[in-house]
Amino acid sequence: MLVLTRKVGETILIGDNIRITVVAMEEDKVRIGIDAPRELAILRQELVDAVRRENQAAAATDAAVLSQLPDLLAHQAPKAQKAE
Amino acid sequence: MQIQTTRFGTLEIDEQEVIKFPSGMLGFEELNDYVLLPVSGNPAFTWLQAVQEPAVAFLLVDPFLFFQGYEVELQPRHEQALQVDGPDQVAVYAVVTIPPSGVKDMMANLVGPVAINLVKKRGLQLVLEGTGYTTRHLLFPRQPGQHPRAAAR
């Protein structure tokens, strides 16, 4: 990993069309501005990790519990109508 | 072709129905082939069964039926990955998790929706950045509300 020091307002260029600017700093937070082509996904790592974790739990879903679903939906339906 | 599944036994499926996920699902990047299996009596739900791994199946739900105002904006890069070349090709689903407390507490992941081009048989899991959604929204909130409700972590 390349590690370098930047001051607020300073920018890093990655390749020809990605610019990363340190916008502001306060205590342990850094606000970062990113200019990048729209075809690039820019995501916070923890968001991706959360979806991955949830997928792992979801992949083991038991099919048998679904037998309880019809009752649940029937129970829910009158409430939903009332709310409208 | 025949596929093995732990939940539904051996299934005979048409090869044309296999949906390619070139990037897989997050955490399951090595599984690229899936089939959609309906949930009998519950058209809001559908199974996404991995073809290569009998034990892996995701329960999907139509999020728009449960979460008013929920929206997923497909970026050009998503449409490209899904090979979209016409209107009304893409269906969007949310992945469901059922906690040990049972189906009454089932949750939908609104951050990581699954988009499937039903015509081209291409699938993709998105990660939505900059929304107020979480990976855990109760499908059946204790008190009915207008907005999706995040479950306590």
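The values are calculated or read from the model by the stated rules, or taken from the named source; none is laboratory data. Please read these numbers as outputs of a predicted model, since none were measured by experiment. We place every Cβ from the backbone using ideal geometry, glycine too, and count neighbours over all the protein chains shown.
Within the option set B:Tyr70, B:Tyr34, being of a type in the set (Phe, Trp, Tyr), touching a residue at least 60 places away in the same chain (Cβ under 8 Å) and part of a loop (DSSP other than H, G, I, E, B) holds for one residue only, B:Tyr70. Among all positions in the stretch B:76-85, there is no residue which is under 14 Å from the mean Cα position of the chain (by Cα), buried (at least 19 other Cβ atoms within 10 Å of the Cβ) and more than 11 Å from chain A (Cβ to nearest Cβ). Answer yes or no: is there a residue in the stretch B:101-120 that is of a type in the set (Lys, Arg), more than 10 Å from chain A (Cβ to nearest Cβ) and surrounded by fewer than 19 Cβ atoms within 10 Å (Cβ to Cβ). Yes, the conditions are met somewhere in the stretch B:101-120.
Here is a yes/no grid of residues against (1) at the interface with chain A (Cβ under 10 Å from one of its Cβ atoms); (2) acidic (Asp, Glu); (3) on the phi < 0 side of the Ramachandran plot:
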| position | (1), (2), (3) |
| --- | --- |
| B:Leu26 | yes, no, yes |
| B:Asn42 | yes, no, yes |
| B:Ala57 | yes, no, yes |
| B:Gly69 | no, no, no |
| B:Val90 | no, no, yes |
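Residues that are free of Cβ contacts under 8 Å to residues at least 60 places away in the same chain, buried (at least 19 other Cβ atoms within 10 Å of the Cβ) and among the hydrophobic types (A, V, I, L, M, F, W, C) do occur in the stretch B:20-31, at least one of them. Against the conditions (1) among the aliphatic types (A, V, I, L, M); (2) under 23 Å from B:Arg77 (Cα atoms); (3) more than 18 Å from the chain's Cα centre (by Cα), B:Met1 satisfies every one except (2). Taking first residues from the stretch B:131-152 that are under 13 Å from B:Leu110 (Cβ atoms) and partners that are in a loop (DSSP other than H, G, I, E, B) and at pLDDT below 80, the Cβ contacts under 6 Å between residues at least 6 apart in sequence or on separate chains come to B:Arg136/B:Ala151; B:His137/B:Pro148; B:Leu138/B:Arg149; B:Leu138/B:Ala151. Selection of strands (runs of 3 or more DSSP E) fully inside the stretch B:89-142 by the criterion of at least 3 residues being among the aliphatic types (A, V, I, L, M) and at pLDDT 95 or above returns B:90-97, B:107-117. Of the strands (runs of 3 or more DSSP E) contained entirely in the stretch A:1-67, those carrying at least 1 residues that are in contact (Cβ under 8 Å) with a residue 12 or more places away in the chain and either of a type in the set (Lys, Arg) or farther than 26 Å from B:Gln75 by Cβ (or both) fall at A:18-26. For the stretch A:1-33, the tally of residues that are acidic (Asp, Glu) and closer than 20 Å to A:Arg44 by Cβ stands at 3.
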